[in-house]
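These notes concern the structure reproduced below.
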Amino acid sequence: DAGVIQSPRHEVTEMGQEVTLRCKPISGHNSLFWYRQTMMRGLELLIYFNNNVPIDDSGMPEDRFSAKMPNASFSTLKIQPSEPRDSAVYFCASSLGTSGITEQFFGPGTRLTVL
Amino acid sequence: KQEVTQIPAALSVPEGENLVLNCSFTDSAIYNLQWFRQDPGKGLTSLLLIQSSQREQTSGRLNASLDKSSGRSTLYIAASQPGDSATYLCAVFQGAQKLVFGQGTRLTINP
C-alpha cells in the first residue's frame, strides 16, 4: 500500500494568493482528516470527513479555509487568500472509521510558506 | 476542553538504556489513545493504539500503558537504539475520531 499521499510536499507562495493542498487517502479508508502543525500550537485537527461528508469543521481557523472531498480517493484543503500566519505543515490522515474508533495513518505533510 | 501534556519535553540518554515517556490528559472520558513518532521533517508514524478497554499494548521493544482513571499513559522503550531518536507524540481520542495531541517528547539516543 502506498499510504496516504499528499501534494505538493512544499509550497511557497505570496500573501494573498490561493493555495490548494491535495490528499489521497489509503484505499478502503472512509475517514479523512486534515491537521495543521506549528511550533506554537502543535498539531491541531482542522476538519474531518466520513464517507466524503464533512463531519466536524470546528477546527478550521476562519472562512479563508475550505475543504472538499469529492470522492473517496481525493480531498483538497484550500486557503484563499493566504496569509503569512498560515505558514505551517499541513497533514492529511485517514482511517477505516466505520467499525468504530480506529488507528489514524498520516501522510508526509505539505510544508507551506506564505511570504 | 481536553488537554494533553507530555513530560519531559526533551530527553537524552545513552544507547542501551530503558526509558519511559509520560503522557497525561485532563479528561479521563477518552475512547482510545495512540502513540506516534515523528522524525525531523517527516510525517507521523503510528506506533501503538490502546483501546479504552485495554491497559497496555506491546509492539517489539515498545510497551504502552493506559490508566484512564488517573489520566495517564506511558510509553516504555526497551534497550534504546540511536534509530529511536525522534519526537514521540501522544494523542487521545476525544469522541469517536477526534485526536487531541500533546506537544511531544524529543528523544535523543546517544551512541
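Using a cut-off of 14 Å between beta-carbons, work out the net charge of the residues near residue A:80 (Lys and Arg +1, Asp and Glu -1, residue A:80 not included).
Combined, the nearby Lys, Arg, Asp and Glu give -4.
Per the Kirkwood definition applied to all pairs of different Cα atoms, how many angstroms is the hydrodynamic radius of chain A?
Values: mean 1/r = 0.0712 Å⁻¹.
The Cα-based Kirkwood calculation yields 14.0 Å.
Would you mind checking the radius of gyration and Dmax of the stretch B:59-111 based on alpha-carbon positions, in Å?
Expressed in Å, the Cα Rg and Dmax of the stretch B:59-111 come to 13.0, 41.
Which shape class applies to chain B: rounded if a/c is under 1.5, otherwise prolate when a/b exceeds b/c and oblate if not, where a ≥ b ≥ c are the square roots of the Cα gyration tensor eigenvalues?
Because a/c hits 1.5 or more and a/b exceeds b/c, chain B counts as prolate.
Among all the lysines, which ones have a C-alpha under 19 Å from residue A:78's C-alpha, if same-chain residues fewer than 8 places away are not counted?
A:24, A:68
Assuming R0 = 35 Å, can you tell me the calculated FRET efficiency for the pair residue B:3 and residue B:78, based on Cβ-Cβ distance, to the nearest 0.05?
That gives a FRET efficiency of 0.75.
Select from A:94, A:58, A:82 the residue whose mean-square fluctuation is largest in a Gaussian network model of chain A (Cα-Cα springs shorter than 10 Å).
Maximum fluctuation in the GNM of chain A, among the listed residues, is at A:58.
With both partners inside chain A, how many of the DSSP beta bridges are antiparallel, as a percent to the nearest 5?
Here the antiparallel bridges make up roughly 90 percent for chain A.
How much length, in nm to one decimal, is gained on full extension between residue A:83 and residue A:27, taken as 0.36 nm per residue of separation minus their Cα-Cα distance?
Gain on extension, residue A:83 to residue A:27, equals 16.8 nm.
Karplus couplings for the stretch B:70-86 from phi (6.51 cos²θ - 1.76 cosθ + 1.60, θ = phi - 60°), rounded to Hz, Gly and Pro as x?
For the stretch B:70-86, the Karplus curve yields 9, x, 9, 9, 10, 10, 9, 10, 8, 6, 4, 10, x, x, 7, 4, 4 Hz.
Give the value in nm², to one decimal: projected area of the alpha carbon convex hull of the protein assembly as shown, averaged over all directions.
Computed as one quarter of the Cα hull surface, the answer is 12.3 nm².
Bear in mind these aren't lab numbers, they're just calculated from the coordinates by the rules spelled out. Nothing here was measured: the structure is a model prediction, and the numbers come from that model. Cβ sites come from the backbone with ideal geometry, for glycine too, and all protein chains shown count toward neighbours.
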